[in-house]
Amino acid sequence: MKLRFVVFALFLIFVPNLFAQRQTFSGTSICGLSQVHQTVAPDDGGQHSLSLDQRVCTWQKPSMLGGVAFVDYTAYGTDDVQFGRSVDRGYSIGRNAGSDKFYLKYEGTSIMNGPVPVKLQGTWQFTGGEGRLTGLRGEGTYTAHPTPAGEMIFEISGTYEIAPGT
């Protein structure tokens, strides 16, 4: 009987640590002007254009993720614009000063004023990580708007977990 109690007590102590703990993630970042930007416009009469974009983004204060502080990330995206709206998709890679990285994908929409997005919103998903972020998974939402200088300010929030032993 005592052995069963000891085994049960050990189970209660150690099993919760085998599973990932869900944590919240939020931050404000500012994405600079495009480092790479290419747009093509099919002659389809629909005010249609496709763009490829790369921007370096900086967190207003270091963003903590699994106990790791990140100060920036690079966003790579495509925009499919037609009739004042855009469908946006892309990927981001965050790096810290060490060997830790996070990977995420995003998808959303933008309201356009000519060629300029004025309001962006969408969802994102962590798709993995390296170093202390190996096993990273999570999801959330974002909203964004431009600055007068052409930068983009993003408000990002969501939840994540880092699966142990992956």
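Data for the structure
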read-out	value
Any hit, the stretch 35-44, residues being in a strand (DSSP E or B) and surrounded by 14 or more Cβ atoms within 10 Å (Cβ to Cβ)	no
Selection count, the stretch 97-110, where residues are more than 27 Å from Q47 (Cα to Cα), out of contact with any Lys or Arg (no Cβ under 6 Å at 6 or more places or on another chain) and surrounded by 20 or more Cβ atoms within 10 Å (Cβ to Cβ)	2
Test: L52 is under 15 Å from Y160 (Cβ atoms) and among the hydrophobic types (A, V, I, L, M, F, W, C)	no
Where I153 falls short, out of the listed (1) touching a Phe, Trp or Tyr at 6+ places or on another chain (Cβ under 7 Å); (2) at pLDDT 95 or above	(1)
Among the candidates F83, F70, residue that is farther than 18 Å from F25 by Cβ and among the aromatic types (F, W, Y)	F83
Sole residue being surrounded by fewer than 19 Cβ atoms within 10 Å (Cβ to Cβ), modelled with pLDDT of 95 or more and either within 15 Å of the chain's Cα centre (by Cα) or assigned to a strand (DSSP E or B) (or both), chosen from V71, V56	V56
Residues satisfying the stated conditions in the stretch 117-131, i.e. more than 17 Å from G77 (Cβ to Cβ) and under 17 Å from the mean Cα position of the chain (by Cα)	G128, G129, E130
Test for V56: is it aliphatic (A, V, I, L, M) and under 27 Å from R137 (Cα atoms)	yes
Residue satisfying all of: in the stretch 111-141; of a type in the set (A, V, I, L, M) and in a strand (DSSP E or B); surrounded by the fewest Cβ atoms within 10 Å (Cβ to Cβ) among these	V116
Lone qualifier among A144, A97, A149 - being under 24 Å from L52 (Cβ atoms) and part of a loop (DSSP other than H, G, I, E, B)	A149
Residues (outside any strand (DSSP E or B), of a type outside the set (G, A, S) and in contact (Cβ under 8 Å) with a residue 40 or more places away in the chain) located in the stretch 152-166	P164
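The values are calculated or read from the model by the stated rules, or taken from the named source; none is laboratory data. None of these values were measured; they are calculated from a predicted model. Neighbour counts are summed over all protein chains in view; Cβ atoms, including those assigned to glycine, are modelled from backbone coordinates with ideal geometry.
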